[in-house]
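The structure under discussion appears below in the form of structure tokens.
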Amino acid sequence: MKSLFIDCNDQLAPIFRRAGQPGDPPITLNAVPFEPQDLPRLLDGYAVCLDDHSYLPTESIAQCSSLKHIVFLGTGAASYMDVAAIERLGITVHTIKGYGDRAVAEHTIALIWASARDVARMDRDIRAGIWEAREGAQLLGKTLGLVGLGGIGSEVARIASRMGMEVIAWNRTPRADAGVPLVALDDLLSRSDVISLHLTLNDETRGILGVARLKRVKSGAILVNTARGALIDEAALIAALKDGTIRHAGLDVFRDEPLNPDHALAGMENVTLTAHAGFLTPEASVTLMRRAIDIVKGIVAP
């Protein structure tokens, strides 16, 4: 079985080489940008496709007759492909969990602090010649509501508790080992001073924070999303930011990426933006790449 890493750019190639070990199966690296219509040509003869964060439309993948496996580098394959439709074609989609829980948790905490203290806005102001000290929110004793308590959410809970925050959580399934109080989602939204999302994107979670639920958010709360942009109704979020229901949003992920500079969120002062970088540390990246190679190894092993 031949394997192709379809979007191994200059940043990823050194990490891929660092993660390699003797005895690994050969994996061809493609660093040339491509369009979806190029996929049948690029994947001709390949049974395994490693995908970092490229969109794989079903209609293009359906034309890839030799393809049997897609190894998505992360957990959010549903943001880049219709997983169910692709699997109906007889192609198995593999995802990788747990490789960067600490990295994403630390980035979440960074966005919480930056949002609470208006760090990005003051940075922009000073660079523009405006010296204005802005009042921030103190987090000690404030309530952090975690929407999702998997590996990342649990790590955020641990860090935030040590910072002196009161942590509550909602999880889609019961957790006997939660370590923090589990509450109903609506209760969490109405009680939390800071809300942080840590859910996998699927048909059940897409748009989970829509108009009705955002109206239940405690007035002046901070909302942080390092999970998936499509968990939130963007139009409803923008409205909540404008009317002050949400004081500030710290966003690392968006419905469409990269975020268009003309997008409404990019023009709002009470939004702090990062470029889907929560997972991006050398440690997490090497772990991710190693696990991807191991998946390929398991596929091609006789």
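Tell me which of these S115 doesn't satisfy, since it passes every other one: (1) without any contact (Cβ under 8 Å) to a residue 60 or more places away in the chain; (2) farther than 20 Å from I293 by Cβ; (3) more than 17 Å from the chain's Cα centre (by Cα).
So S115 meets the others, but not (1).
Among (1) small (G, A, S); (2) within 23 Å of the chain's Cα centre (by Cα); (3) crowded, with 16+ Cβ neighbours inside 10 Å, where does A85 come up short?
It is condition (3) that A85 fails.
Quick check on my filter: what residues within the stretch 95-120 are crowded, with 19+ Cβ neighbours inside 10 Å and not in a helix (DSSP H, G or I)?
Those that are crowded, with 19+ Cβ neighbours inside 10 Å and not in a helix (DSSP H, G or I): I96, Y99, G100, D118.
Hey, can you tell me all the residues within the stretch 1-19 that are small (G, A, S) and either in contact with a helix residue (DSSP H, G or I) (Cβ under 7 Å, 6 or more places away or on another chain) or not assigned by TED's automatic domain parsing to the domain that holds F72 (or both)?
Across the stretch 1-19, the qualifying residues are S3, A19.
If a residue has to be free of Cβ contacts under 8 Å to residues at least 24 places away in the same chain and within 20 Å of T245 (Cβ to Cβ) to count, how many in the stretch 198-228 make the cut?
Qualifying residue count for the region: 1.
Looking at (1) farther than 30 Å from L39 by Cα; (2) of a type in the set (K, R); (3) surrounded by fewer than 19 Cβ atoms within 10 Å (Cβ to Cβ), which one does K68 not meet, given that it meets all the others?
So K68 meets the others, but not (1).
Restricting to the stretch 32-57, count the residues that are surrounded by 13 or more Cβ atoms within 10 Å (Cβ to Cβ) and either in contact (Cβ under 8 Å) with a residue 24 or more places away in the chain or among the β-branched types (V, I, T) (or both).
Summing the residues that are surrounded by 13 or more Cβ atoms within 10 Å (Cβ to Cβ) and either in contact (Cβ under 8 Å) with a residue 24 or more places away in the chain or among the β-branched types (V, I, T) (or both) in the stretch 32-57 gives 18.
What are the residues in the stretch 56-92 that are at pLDDT below 95 and either in the same structural domain as N202 (by TED's automatic domain parsing) or more than 21 Å from A227 (Cβ to Cβ) (or both), if any?
none
Of all residues in the stretch 250-275, how many are at pLDDT below 95 and under 19 Å from I109 (Cβ atoms)?
0
Can you pull out every residue in the stretch 153-201 that is assigned to a loop (DSSP other than H, G, I, E, B), among the hydroxyl-bearing types (S, T, Y) and within 20 Å of T108 (Cα to Cα)?
S192, T200
Quick check: anything in the stretch 174-197 under 15 Å from the mean Cα position of the chain (by Cα) and either touching a residue at least 40 places away in the same chain (Cβ under 8 Å) or under 28 Å from L280 (Cα atoms) (or both)?
Within the stretch 174-197, one or more residues are under 15 Å from the mean Cα position of the chain (by Cα) and either touching a residue at least 40 places away in the same chain (Cβ under 8 Å) or under 28 Å from L280 (Cα atoms) (or both).
Could you say whether any residue in the stretch 266-277 is under 15 Å from the mean Cα position of the chain (by Cα) and not in a loop (DSSP other than H, G, I, E, B)?
yes
Looking at the stretch 84-110 only, could you name the residues that are more than 24 Å from G151 (Cβ to Cβ), small (G, A, S) and touching a helix residue (DSSP H, G or I) at 6+ places or on another chain (Cβ under 8 Å)?
A85
The values are calculated or read from the model by the stated rules, or taken from the named source; none is laboratory data. All values derive from a computational prediction rather than experimental measurement. Because the Cβ atoms are built from the backbone with ideal geometry, glycine has one as well, and the counts that use them run over all protein chains shown.
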